[in-house]
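Below is one structure, written out as structure tokens, with a few remarks after it.
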Amino acid sequence: MKVIVIGAHSSVGEFVVSKLMENGYTSCAVISDENHMDLMKKRGATEVVLYEERILPTLFNGYDAAIYLTGVNPKAKTGRTVMIDHESVIETVKEAEKQGVKRFVMMSAIMANESAGDDSREIGAKEMPDELLRQSNLTYTIVQPGAFTDKPGNGKISAAETLDSNELEISHEDIAEVLVMSLETEAAFNKTFEVAEGDTVITKALSSL
């Protein structure tokens, strides 16, 4: 499977690229700053592409799957979480569908335990890309993570449609593993779920969704 990673220049994206290589995938890292090119190659990306809107109509040609890190604006010159460009997310989903991508894994901008029924416009805007993906013809997975930590991953999580605790965290490394493992775990197909650190091995937690 050939996988394109949009937002690969983020803290999560770097781990995603590494884990794709470790699991034998061919990957294309889409970044917004050419200064990250060498790092992406060291992390194991087969190809590195500098994001420009004009390449979107052909970006997914030859790729079977996409991992989209919506906490990162692909146009931004930073790997830090920034305000999401919703139009960019929506355009990307539409182009992926048009160009024959079969599998689309999205790290949602909605964090675990955020209220989906919140009246604020911000929450409404954040939900829009997720809803568009659910209504597309793509086989999707939408992962809503807990708050990120820089702790080393331990390969154990909790995953469910809704998690109970109000204080949920997950390491950058473990959320990256979740995204990569979701690619071919059928129990995660066409599902939206929350994920945080926990006691269950990632593959088992995803298979139990």
Point to revise | Karplus-derived HN-Hα couplings along the stretch 2-17 (A = 6.51, B = -1.76, C = 1.60, θ = phi - 60°), whole Hz, x at Gly and Pro | key: 9, 10, 9, 10, 9, x, 5, 7, 7, 4, 6, x, 4, 5, 4, 4
**Study point:** Computed Kirkwood radius, in angstrom, where 1/r is averaged over Cα pairs of the stretch 1-40
**Key:** 10.0 Å
Review point. Along the stretch 169-179, what does the Karplus equation 6.51 cos²θ - 1.76 cosθ + 1.60 (θ = phi - 60°) give for ³J(HN,Hα), rounded to whole Hz, x for Gly and Pro?
Key: 9, 7, 6, 4, 5, 6, 5, 4, 4, 4, 4
Practice item. Calculate one ³J(HN,Hα) per residue across the stretch 89-101 by plugging θ = phi - 60° into the Karplus curve 6.51 cos²θ - 1.76 cosθ + 1.60, and present them in order as whole Hz with x for glycine and proline. Key: 4, 4, 4, 5, 4, 4, 5, 4, 5, 5, 8, x, 5
Check your understanding: Ignoring any ligand, DNA or RNA, what whole percent of the accessible area of the chain comes from carbon and sulfur when the probe is 1.4 angstrom?
Key -> 45 percent
Exercise for review: Starting from one equal scatterer on each C-alpha and no solvent at all, send me the Debye-based log10 I(q)/I(0) for the stretch 154-209 at q = 0.22, 0.24, 0.26 Å⁻¹, two decimals.
Suggested key: -0.77, -0.92, -1.08
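The values are calculated or read from the model by the stated rules, or taken from the named source; none is laboratory data. Quick caveat: nothing in here was measured; it's all calculated off a predicted structure. Note: areas computed on protein heavy atoms with side chains; ligands, DNA, RNA excluded. Shrake-Rupley method; radii C 1.70, N 1.55, O 1.52, S 1.80 Å.
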